[in-house]
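Q: Take a look at this one; I'll ask things after.
The values are calculated or read from the model by the stated rules, or taken from the named source; none is laboratory data. Here the structure is a predicted model, which means the values were calculated and not measured. Positions of Cβ are backbone-derived with ideal geometry, glycine not excepted, and every protein chain shown enters the neighbour counts. Note: areas computed on protein heavy atoms with side chains; ligands, DNA, RNA excluded. Shrake-Rupley method; radii C 1.70, N 1.55, O 1.52, S 1.80 Å.
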Amino acid sequence: MNLKINLDSPHIKLKGLGGYRIEVLKSDLNIHSIADLFHLIPNRYVDRRKFYKINTLAASSTEVQIIGEIMDIKKIRNTSGERLKAIFRDETGSIELVWFKGISYMQKKIKSTETFVVYGKLNEFGGSLSIVHPEIESLHSFKLKGSKGILPVYPSTEKCQKAGISSVFLRQIIKEAFDAFGNHIHEALPLHLREEFGWPEKRTGLQELHFPSTFENLQKAQFSLKFEELFYLQLQLLEKKQLRLKNIKGFEFSKIDTYFNTFYKQHLPFELTEAQKRVLKEIRKDLGAGVQMNRLLQGDVGSGKTMVAVLSSLIAIDNGYQCCIMAPTEILAKQHYNSISELLQPLEINIKILTGSTKKKNRETLHDELANGNLHILIGTHALIEDKVIFKNLGLAIIDEQHRFGVAQRSKLWKKSKLPPHVLVMTATPIPRTLAMSYYGDLDLSVIDELPPGRKPITTAHRTDASRLKVLKFVKDEIAKGRQVYFVYPLIKESEKLDYKDLMDGYHALSRDFPMPDYQISIVHGQMKSEEKEFEMKRFVKNNTQIMVATTVIEVGVNIPNASIMVIESAERFGLSQLHQLRGRVGRGAYQSHCILMTSDKISDDSKQRIESMVQTNDGFKLAEIDLNLRGPGDLMGTQQSGVLNLKVSDLIKDSQILHLARKKAQDILREDELLLLEKNKIIKNTLVQIMNDKAFWSYIS
């Protein structure tokens, strides 16, 4: 009887896999099941099909395989240490084999009476060819293990090596796994897709991944497995979007009335850019459709996302609904509250702020006004999702810098409304198209790709410590013109391990360079109490202090039009996205602004590339693409929140073309067969049901 076996079960039972090795596989290679073992991707492949004769070898760094005998072996000691040297010969000539490690082990292993197969990289020293630390095994063992062919080299760690988990060992247990469980590998791609591209069945594809018959077949297998993974990722996102549009009704904001029109015609402080108008049109269409809006608004620093949020809020209020704006930090929440209150002051709209530091008395008033509908807009931090916060009729939820909130946190906000409120997610972190398609593929996307008129591009310069005096003189000259300056540091206190400028050290140095009473300096960092931070921020906002010394706490949301210089100390310590965010804190007024990236004289190639990219362009989307290539999607997006991107075989950067193909095919199939009821799509339906079984509620949350 052929019992159904779940290959994802975390109980691995294979010969040679004891308790300790299983633990190492889990901790170091993330292998928890037979399915994980099948999807362990080799780092590279070596071609062991061809044997060379020694007299045909020429000086190069290529890897070669030879067959022959050991003629002489001896240990050599000198001032630089010891090594093991062997003369290896076939019928055409001889070559040296050299070992600097594992000498005693190799002496025991190598017997001069046997025929050996040697594999390794050719070296040339003093006109003679040698192979250092070659792989060597007896011809008998070589034939027995089936070592001939295109062989995978798997990822490894020091712990793996100590546990005897080598590429040879992994090949053996993967072969065992195929023999024992290969028949239980379920096909996931329908025949019509496999035939269209000439791809093998999944079992064959996985076998080719580990035991390639030819490089051509290996390439086909890799492509089909990557496509399958990305295809189901896109299918999930597209299905979520489809389900939301079909099943989740939303409040219908049918009118554009007094609040919106009065503000737009009489109180708009500047003409909207064409990009803002286009985005607003997209939002208005969503809000009036009777389906829940789920829209991601991307816009570079200073592009005018807040104005779009304000106008969207006015549409909600015109239709008798309340709006909330959730920000990740108290500083940003207060920034939004101050700017939006000032903008809407002529309209007599009731706006309140709720953060962790809101006093109890103010909270009680706020809760009452919220519950009876007298409060129109509530701005705040995650305090908005507390159980005590009850809206009368929440119609629009706006989330700023949404990647800083977890899915569970955001879901609490949705539950505060009769129907799911319309959702506008805003981010000033430009997201490359590949990532937007993968992380936010179920959201509609709007982009503000234009800065307001009159904004002068920020000039960016790279300077080292050798130029510090010139930088300080430039800062003094700008302050003399009435401008203000940020100095940003990566650390709060000196670290023994990291030789970088820290905030307190920098503050004391700047106090000497910019002495009182001629200059006033503010200091802000994450370990200060809220009221202390607020006091220092207010001093800077009122221009009572000319210099703000800070950590990245000012990365998001601080808007001081008079600040014209951003000096980033130890800029090599920051990611590209963070550098771009920090640069966006200046250039908000009518004055020419400058960003100065201070680094040590010697920095890594990656850091150099980041700094050069910052100097060359102000375009956040270009920088995001560079950052994606430098850091990879995991680092760029931070901790995965939804679990959707548990990718085993594909890579969002390297496989972007496959991703685009997978999305197109998923769209084509859903367009033709929305419910996946056709016989030819039965495999897709079954696989998708299996994948999405435990994701029901989260499917609807952005």
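Q: Keeping the other protein chains in place, figure out the carbon and sulfur percent of the accessible area of the stretch 118-251, with a 1.4 Å probe.
A: The value for the stretch 118-251 is 51 percent carbon and sulfur by accessible area.
Q: Let me ask something additional. Write down the percent of antiparallel bridges among all DSSP beta bridges whose residues are both part of the chain, to the nearest 5. Each step should come with its number before you reach the end.
A: Numbers: 36 of 91 bridges.
Counting DSSP beta bridges with both partners in the chain, the antiparallel share is about 40 percent.
Q: Moving on. Please list, in order along the stretch 540-549, the HN-Hα scalar couplings obtained from phi with the Karplus expression 6.51 cos²θ - 1.76 cosθ + 1.60 (θ = phi - 60°), rounded to whole Hz, x for Gly and Pro.
A: So the J values, rounded to whole Hz, are 6, 4, 7, 6, 7, 10, 8, 10, 10, 9.
Q: Using only the heavy atoms of the protein chains and a 1.4 Å probe, how would Ser254, Ser104, Ser303 rank by accessible area, largest first?
A: So the residues, ranked largest to smallest area, are Ser254, Ser104, Ser303.
Q: Using a 1.4 Å probe and ignoring any ligands, DNA or RNA, find the accessible area of Asp601 and quote it in Å² to the nearest 10.
A: 110 Å²
Q: What is the dipole size for the stretch 107-260, taken about its Cα centre, with +1 at each Lys and Arg Cβ and -1 at each Asp and Glu Cβ, in debye to the nearest 20?
A: 400 debye
Q: Using a 1.4 angstrom probe and counting only protein chains, how large is the accessible area of Leu245 in Å², to 10?
A: 90 Å²
Q: Which sequence of Arg583, Arg671, Arg539 reflects their accessible areas, 1.4 Å probe, from the largest down?
A: Arg671, Arg539, Arg583
Q: Whole-Hz ³J(HN,Hα) for each residue in the stretch 173-187, computed from phi via Karplus 6.51 cos²θ - 1.76 cosθ + 1.60 with θ = phi - 60°, x for glycine and proline: what do you get?
A: 6, 5, 5, 4, 4, 5, 4, 7, 10, x, 5, 9, 6, 8, 5
Q: Here's something else I'd like to know. Here is the link list: Lys305/Lys529; Lys255/Lys392; Lys159/Lys654; Lys305/Lys608; Lys162/Lys220; Lys352/Lys388. Which ones come out longer than 26 Å on Cα distance?
A: Those over the limit are Lys305/Lys529; Lys159/Lys654; Lys305/Lys608; Lys162/Lys220.
Q: Report, in degrees rounded to the nearest 10, the 0 to 90 angle that the Cα long axis of helix 274-287 makes with the longest principal axis of the chain.
A: Roughly 90 degrees between the two axes.
Q: Could you state how much accessible area Leu647 has, in square angstrom rounded to the nearest 10, with a 1.4 Å probe and all protein chains kept in place?
A: Per-residue accessible area (Leu647): approximately 50 Å².
Q: Okay, moving on. Quick one: with all protein chains in place, what share of the accessible area of the stretch 253-411 is carbon or sulfur, to the nearest percent (1.4 Å probe)?
A: 48 percent
Q: For the stretch 277-394, give the magnitude of the charge dipole about the Cα centre (Cβ charges: +1 Lys/Arg, -1 Asp/Glu; no others), in debye to the nearest 20.
A: Using only the charged Cβ atoms, the result is roughly 160 debye.
Q: Tell me what the chain gives for mean residue ellipticity at 222 nm when only DSSP H runs of n ≥ 4 count, each as -39,500 (n - 2.57), the sum divided by the residue total, rounded to 500 deg cm²/dmol.
A: Taking each H run of at least 4 residues, the total per residue is -12000 deg cm²/dmol.
Q: Show the residues, 5+ positions off or on another chain, whose built amide H is closer than 5 Å to the amide H of Thr460.
A: Cys595
Q: Can you tell me the accessible area per residue over the chain, all protein chains present, probe 1.4 angstrom, in square angstrom?
A: Spelled out: the 1.4 Å probe surface of the chain, per residue, equals 49 Å².
Q: Tell me which of Asn78, Gly587, Tyr321 sits at the most positive position along the dipole axis of the chain, charges placed on C-beta atoms (Lys, Arg +1; Asp, Glu -1).
A: Farthest along the dipole direction, towards plus: Asn78.
Q: So for Phe125, Phe474, what's the accessible-area order with a 1.4 Å probe, most first? Show your work: numbers first, answer last.
A: Numbers: Phe125 170, Phe474 70 Å².
Heavy-atom accessible area, descending, gives Phe125, Phe474.
Q: Using unit Cβ charges (K, R positive; D, E negative) and no other charged atoms, how large, in debye to the nearest 20, is the dipole of the stretch 243-294 about its Cα centre?
A: 220 debye
Q: Separate question: Pulled fully out, how much extra length does the chain show between Leu245 and Glu96, if you take 0.36 nm times their separation in residues and subtract their Cα-Cα distance?
A: Gain on stretching Leu245 to Glu96: 46.6 nm.
Q: Which residues' amide hydrogens lie under 5 Å from the amide hydrogen of Glu137, considering only partners 5 or more residues apart or on another chain, with H built in the peptide plane?
A: Val117
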